[in-house]
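Accompanying notes for the structure given below.
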Amino acid sequence: MQRRAAVQANAEQWVQCAKCKKILFRPDFERGMRVCPHCGHHHRLRARERILLTVDPDTFRETDADLRPADPLNFPDYAEKLQKGAAASGENEAIITGTAMLGGYEIIIGAMDFGFMGGSMGSVVGEKVARCFERGAERRLPVILFCASGGARMQEGLLSLMQMAKTTAAVGKLHRAGMPYIAVFTDPTMAGVLASFASLADVILAEPGAMVGFAGQRVAAQASVGKPPANFQTAEFQHEHGMIDLIVPRKQLRPTLAYLLEMFLPEEAHAR
């Protein structure tokens, strides 16, 4: 038994890259922000990990943590899937939001978690996103959102789809207040999220290799005339066609975001 436990503990010290399949030493992999040192593949992060890697230390304060999804349609197995999503991600919903400091600037920040039902946008996700923009407009603070979603949550029907219009209207409030909104597309950013608040940012960044598109790759390939390009529905393809402003490796995201805040915000907004 002791030998088996030792073997298992040793095996947990290693992880295989999802792209190049090389075996990586887990502590080095984690210190490298879950980016493969051989092929550069950016593995997915938990929402809370992403926030803590981005903001100034000990400054994040979560908001709306008490919001919970309902089951308005009594959709079969929805309650069980919510429980599984919470167990898989360690969160109560597919997005975490709050306030923090980044490079000395106060910000509203949110990060979606693909581990919770594929980062799908239901009524709670839409409400938390809308509140980010409303608070940003009210308090005159910039908003930074990390997007990771497969789209709208079908188990909530039209209540899910209406979040597209709701979040889009909320972005308008922030724009009218004259405050910047920066979106970061991570793998994947798809469907209803892409077609609503994600694409309305003043600056759109993306991680290398992130899947970015409306329909899934197989559906899009079936609908296209001829064979789509090899990099179709990737951040690189969208960057080539003007949808994404800049592709930024994970290690450069924090300084890039800090630079953008310094460029957008007046000097007096910087905490001294």
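Cross-link partners for Lys19 among the lysines, with Cα-Cα distance under 29 Å and sequence neighbours closer than 8 places in the same chain left out: Lys81, Lys84, Lys227, Lys251. Each Lys and Arg contributes +1 and each Asp and Glu -1, all at the Cβ; summed about the Cα centre of the chain, the dipole is approximately 780 debye. Gain on full extension, evaluated as 0.36 nm per residue between Ala65 and Lys166 minus their Cα-Cα distance, stands at 34.4 nm. Peptides 107-120, 87-100 ordered by packing proxy, namely the average of other Cβ atoms within 10 Å per residue, highest first: 107-120, 87-100. In straight-distance terms, cross-link reach from Lys173 covers every one of the aspartates and glutamates whose alpha-carbon lies under 12 Å from its own, apart from those fewer than eight places away in the same chain; here that gives Glu134, Glu138.
Using a 4.7 Å Cβ-Cβ cutoff, the cysteines of the chain lacking any partner cysteine are Cys132, Cys147.
Bear in mind that the values in this text are calculations on the coordinates, not laboratory data. Please read these numbers as outputs of a predicted model, since none were measured by experiment. Cβ: placed from backbone, ideal geometry, glycine included. Neighbour counts: every protein chain shown.
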